[in-house]
1. Between the DSSP loop rule and a limit of at most 15 other Cβ atoms within 10 Å, which trypsin sites (Lys or Arg not before Pro) in the stretch B:67-125 are left?
2. Figure the gain on full extension for B:Asn299 and B:Gln174 (residue separation times 0.36 nm, minus the Cα-Cα span) and round it to one decimal in nm.
3. Modelled label-to-label distance, A:Phe353 and B:Leu140, 7 Å Cα→beta-carbon offset: nm?
4. Per q in 0.13, 0.16, 0.18, 0.21 Å⁻¹, report the Debye log10 I(q)/I(0) for the stretch A:54-206, using one uniform scatterer on each alpha carbon and no solvent.
5. Under 15 Å from a label point 7 Å along Cα→Cβ of B:Lys91: give me every residue in the stretch B:263-295 with its amide N that close.
6. Within 10 Å of each Cβ in B:46-53, how many Cβ atoms from other chains are there, averaged over the peptide?
7. Would you mind listing how long the stretch B:103-257 runs along its three principal axes, going by Cα atoms, in whole Å with the largest first?
8. Would you please give the FRET efficiency between B:Arg219 and B:Ile113, computed as 1/(1 + (r/R0)^6) with r the Cβ-Cβ distance and R0 = 41 Å, to the nearest 0.05?
Amino acid sequence: MNFTRRTILAAGGALAFLPSPLRAQPAAGILRCGLSAWPPNLQPWVSTGASAGTVKMLTYGRLVGYDRKGELIGEIAESFARDPADGAWVFKLKRNAFFHNGDPVTSEDIKWMIEQIAGEKSTAYMRAQFQLVAKIETPDPHTVRLITKAPVATLPHWFGNYNMGVISRKSEANAPIGAGPFKLAGQERGTSLDLVAFEKYHKPGFPKLKGIKFVVYADENLRFAALQSGDMDMIEYVPWQSMETTEKDPRLKLDAEDGPFMDVLFNATQGPFADPRVRRAVAHAVRREDIVKVAFFGRGRPLEGVPIVEGTPWYDKDLAKGWNYDPERAKALLSQANYAKGFSCKMLATAQFGMHKDTAEVVQQHLAQIGIQCELQLPDWSTRVAMGSRGQYEISIHGVSGDNNDPDGLSVVMDTSLSPTYSRSFGLKAPRTSEAFAKGRAEFDHAKRVEIYKEMQRAALEEVPIIGLAWRSQGYGMDKRVQGFKTLPGALTTASGALLDEVSFG
Amino acid sequence: MRWFLRRIATCLVLAWAVSLVVFMTLHVVPGDPAELLLSTGGIAADPVAVKELRIRLGLERPLLDQYMTFLSGVMRGDLGASLVDDYPVTKEIALRLPRTLELILAGTLIAVILGIPAGTYAALHRGGLFDRIVSGAAALLLAIPVFVVGTLLVLLLAQTLKLMPAGGYVPLAQDPAKHFTLLALPAIAIAKSLAAVVFRMTRASVLDALSRDFVRTARAKGLKPARVLMRHVVRNALTPVLTVLGLHMGTLLGGTVLVEYVFNWPGLSTPLLRAVEARDYPMVVGIVLTISGLFLLINLIMDLLYAALDPRTRAA
């Protein structure tokens, strides 16, 4: 055979159509899933981000979880209800729930867990909430009764957080024994985690997979490339610019929901932003569609009110437009506040995340239209966090999500009576809003709660503890063979990984 | 011997200076490791929990006290533990450094295999088609940033042709074939600029050697052209090439960040970047100290070699 340039070129071209032995091949029943970040650690109750949260939910399990519509359901707890006699929250545990060491999950384990979380030296994310628990009763191995210092209607949601893993009281400091659908079988530090199905999982017939291999791809474009090339069966956080490509790819599908949102925070200790009229002027000055277009490639929705998820009972169509784009009104508000000629200020964001920087630039442009000249400060994320927590800014751009879809889940962002942090406005007092949050938390009647939270929205629109800018879409990309997964709605998008126990290959 | 001891002492003083500067600078830069850790994912951290974690991590102690503890640990070969997950820094470096070195060595090997023959051939056919094309290509490769080449390689070979994996890492012992497949693209990306440098340097050196008297003499003696080329031209031309190669390899120790990031290669750069973001002080200082230590070691070896070759340098 003669090897001419033409035959060599033809052979090279044909290579593209052959199944490549060089590419990763899937193992039967093992889902290969691309994570966006390596879990800093897998401590069950410390906040370690959503990627770590996925691994934690799958290995430790939770007392309660969420169904596909985002409704609270029992997981290790088969039921939960309030005892009308003394107001205690009563959790009944499943009798077939076991830890990975084979021990049954008992009420003593849950009691021990809550004590650890609420302890004085605890660094748990839900520490402050569980310090409201006055007494924990364990009348039998399968019943836990929680008596709180004050009535808390949202207490079951606390157990649905991904930083609320259930672990055995026999666990050693750095070796938690969970009760989730998968066991941690091994890890290549900084690179990948291998989970294998737990045969005594409390949901009969689940998990459907034999295992999951999580591979970390910090670069979003490479993560998407890994999905597109077939190296991964599924990835989290599909980059917005790649969502359309995912939808058009005949082999792939996208499951996305609007959940987290971008917002504006203020330092109200001094200067123009101490005046709520100026804050309202800012709220009316920004055309949100530009943010959705520029920062999220159209994958999101304008947010012109308090970030209440549409479709929930708490949502009000009119209140949701309370901070609509109205530059004339913005100018009038500035005049009323004696800033008719505008002013200059410093706007804090971060250059480390494109969505923060892009959003800040759009807001900067729109504020300039009403005479507010912002000088952008774009340090790295760590510096931005430090500056935010110390109030070293005048106005800042942030991206966040509520704890859950109950309006109380927004208190972490909007309740100004809580301690200062970079993700809440600094030195700002919104007493009516805070009061409404407290009232709603203590109210058990659903209809009354709806009214309370509508009042909370009215108060927030006037007091402006934050300004909502845009909902951003959060999506999982996957091979069409991956069946049974659903991105949870609203603030729960980051907890969607828990549903991997229902995933199978079609 | 005194000269040698003086050089060693200088290296130790420099290493100490690096540790002091990096340690102190890191603590001056804004950002609290405890707060960052507890607010992972952009959520609000409880200030009481932050304070508790700071105490637990030893961050509430005076800075000098923290530095002295670190220094005494270094004396015992212990670089401390990560603030994020308590993982020993020395173990992390022992795990990651070989991967970075492997990447650099693979890239260098490709650069040498391509650059030296191509440079020699181009010099021998100076001004010819090959010389013009490859010289142009070398200039282009030097001009294109490594992340662009990396992204293009992923786009073409992984996403479009689906011939190669997009990136990642598998240990050699687990699956050698897959290991080398995953090594190929980042190594090519590393080799890109280096090959261009080696090509240019070889070409210039060979041209210089070709014009030397000893080459003319060798030819006049009737030696075969191939023997003249290999024994007299290339051999003499390679000395400056190797010097440049050594310098570039040293630079690559801290310069593989982008390649490791683009190809998800878990070398030393990735934890360094992550540690800086998380203000994981022991991890940052440990890795920087290791990299600078290697630099100092390479320099020391070079000094010793120069001194062996030319004793006059010892007096300098």
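1. Details: sites: B:Arg76, B:Lys91, B:Arg96, B:Arg99; in loops: B:Arg76.
Sites meeting the loop and neighbour criteria: B:Arg76.
2. 41.4 nm
3. 4.0 nm
4. With one equal scatterer per Cα and no solvent, log10 I(q)/I(0) is -0.58, -0.88, -1.11, -1.48.
5. B:283, by backbone N distance to the label point.
6. Going residue by residue through B:46-53 and averaging, the value is 6.
7. 56, 33, 27
8. 0.90
Read-outs throughout are calculated quantities, based only on the coordinates presented, and are distinct from any laboratory measurement. The shown structure was predicted, so the numbers you read here are calculated from the model rather than taken from an experiment. No Cβ is skipped: glycine too gets one built from the backbone with ideal geometry, and neighbour counts run over all protein chains shown.
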